[in-house]
1. What tally of residues in region 31-72 results from selecting those that are assigned to a helix (DSSP H, G or I) and free of Cβ contacts under 8 Å to residues at least 12 places away in the same chain?
2. So which residues in region 21-44 are over 15 Å from the mean Cα position of the chain (by Cα) and modelled with pLDDT of 80 or more?
Amino acid sequence: MMDIGVNEQTPREIVAELDKFIVGQEAAKKSVAIALRNRWRSRKLSLSMQDDVAPKNILMIGSTGVGKTEIARRLAKLVKAPFLKVEAT
């Protein structure tokens, strides 16, 4: 992992970390990196301002095997968050 905390990472640095494990999917990596950084930035706002900022969620859609789960798994590891995979058919 990078030496700096995710709170200080730019989207470009987050993508660089994901690039170590994920081949391709450039648009997806960029989107999740920007979303992660925006999430961190919104958490730094005052509570009154946080109410005015709507949270942004991500829905990854794609064929089996394109890397959706791995991107989510690596991003969770990067921010030291739990990762839970649930499958439903």
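1. 6
2. 23, 24
The values are calculated or read from the model by the stated rules, or taken from the named source; none is laboratory data. Owing to the predicted nature of the structure, the values given are computational and were not obtained by experimental measurement. Methodologically, a virtual Cβ is constructed for each residue, glycine included, from the backbone with ideal geometry; neighbour enumeration extends over all protein chains shown.
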